[in-house]
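Worksheet for the structure shown next.
The values are calculated or read from the model by the stated rules, or taken from the named source; none is laboratory data. Treat the numbers as computed from the prediction; the structure is a model and nothing was measured. No Cβ is skipped: glycine too gets one built from the backbone with ideal geometry, and neighbour counts run over all protein chains shown.
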Ligand code: HEM
């Protein structure tokens, strides 16, 4: 039934999610021990109640995840009131205007990536939609926002992939040492520590300068706060965004009539992004820890237990989205969803993710309206927490 580690589950988790929602909405998993909530209403309410469902013990079902990573807790692993103060400060620097200002450069980069895929095909190779297109886009956007100078960007990409590997493996202690991931993280922290010091001394118009200057109620961000935020952005904003773009193309490949609707009216792309994320969420599940006993559907979850929020299941719950919840409808009205979570930790990068995915799809569909993917040769990432691709060969370029 529900085994978050099994390759079969990871390939297609949706039948197991449905059974959980229908038969066992407060599921107890034994090894490792955790609980799982699968219905929309339950996940929605729990995530909006950080007093009972805390983020401070980390977001996976592994005990002592924060200690194992060797990191001080970052914004996403803090509860109110500390989280509230930090989020307010970060929001002063990470503004919608700053994100919107990226659009022209991003579009130029996206066009370059399309040209690179075309060149690969012209050379007789098969382009990889994920590796050659979707995945480099967020790395570019984040490097640009953070003000990583052009010559340093070649160093930035391997750090990103080390963090991504960590995530794919679910932050296990073993994966920390694998492929030098811990070294890469340490190197990245060293690099950004120097950047922060340099920007404090001589501010520019980049996000790090804005974060070091942000002030609210007489409080400012410490170097560690800025570093921690850079870490969450790079760890949480890369693969998630790349996978949204790849999943969008894969879903359109499976639903030609929906593709026709988008091609006939590209203005629909903005709304369709949320539908893609609802059906194939990059973040499938994250944990909270109960601070007190909680009773749900007559089941008592004791205090101090890890509880997985199955966002990927909640987003397909027929109780919320109707009997056709599993169907792609690019014009579906979606008053609420959990693709970016909800409540205090609602994804602060959702505007940035949507900007990138919109520009990527606008450009790709206008140049290659019939682009598809070869699922028989695709390689998925293996994670109980995230959903996406390592490789997704493109067709019809
Ligand atoms: C499609 C792309 C993305 C998805 C699906 C996604 C998803 C999420 C989710 C589900 C959370 C809540 C975590 C939780 O429940 O504990 C979150 C938080 C967060 N995301 Fe994203 N994210 C995406 C893109 C980005 C980007 C591009 C950034 C870059 C800035 C970003 C930065 C963050 C940060 C900093 C938080 C923590 C916010 C807080 O704790 O207050 N995300 N994201």
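Against the condition closer than 21 Å to residue 21 by Cβ, away from the ligand (no atom under 16 Å from the Cβ), in contact with a helix residue (DSSP H, G or I) (Cβ under 7 Å, 6 or more places away or on another chain) and part of a helix (DSSP H, G or I), how does residue 363 come out, does it pass? No, not satisfied. Can you confirm whether residue 129 is touching a strand residue (DSSP E or B) at 6+ places or on another chain (Cβ under 7 Å) and at pLDDT 95 or above? The answer is yes for residue 129.
Within the set 250, 213, the sole residue that is touching a strand residue (DSSP E or B) at 6+ places or on another chain (Cβ under 6 Å) and surrounded by fewer than 22 Cβ atoms within 10 Å (Cβ to Cβ) turns out to be 250. Among the residues of the range 345-354, those that are touching a helix residue (DSSP H, G or I) at 6+ places or on another chain (Cβ under 6 Å) and more than 6 Å from the ligand (Cβ to nearest atom) comprise 351, 354. Checking each residue in the range 331-346 for being touching a residue at least 12 places away in the same chain (Cβ under 8 Å) and in a loop (DSSP other than H, G, I, E, B) picks out 331, 332, 334, 336, 337, 338, 339, 340, 341, 342.
Please work out if residue 265 is surrounded by fewer than 21 Cβ atoms within 10 Å (Cβ to Cβ) and under 20 Å from residue 372 (Cα atoms). So residue 265 passes the test. Being free of Cβ contacts under 8 Å to residues at least 12 places away in the same chain and either within 20 Å of the chain's Cα centre (by Cα) or part of a loop (DSSP other than H, G, I, E, B) (or both) is the filter here; which residues of the range 25-48 pass it? Listed by number, the residues that qualify are 30, 31. Residues in the range 192-201 include at least one that is within 22 Å of the chain's Cα centre (by Cα), at pLDDT 85 or above and away from the ligand (no atom under 14 Å from the Cβ). Here 29, 83 are screened, and the one residue that is buried (at least 17 other Cβ atoms within 10 Å of the Cβ) and either within 13 Å of the ligand (Cβ to nearest atom) or closer than 18 Å to residue 294 by Cβ (or both) is 83.
Of the helices (runs of 4 or more DSSP H) lying entirely inside the range 183-291, those containing at least 1 residues that are touching a residue at least 24 places away in the same chain (Cβ under 8 Å) and under 15 Å from residue 361 (Cβ atoms) are 239-254, 256-264, 269-279. Among the numbered conditions (1) away from the ligand (no atom under 14 Å from the Cβ); (2) over 19 Å from the mean Cα position of the chain (by Cα); (3) touching a residue at least 60 places away in the same chain (Cβ under 8 Å), the only one that residue 133 does not meet is (2).
Here residue 88 fits the description: touching a residue at least 24 places away in the same chain (Cβ under 8 Å), within 16 Å of the ligand (Cβ to nearest atom) and loosely packed, with under 15 Cβ neighbours inside 10 Å.
If only one of 393, 369 is within 25 Å of residue 103 (Cα to Cα) and more than 9 Å from the ligand (Cβ to nearest atom), which one is it?
Answer to the selection: 369.
The residues of the range 375-397 that are in contact with a helix residue (DSSP H, G or I) (Cβ under 8 Å, 6 or more places away or on another chain) and assigned to a helix (DSSP H, G or I) amount to a single one, 375.
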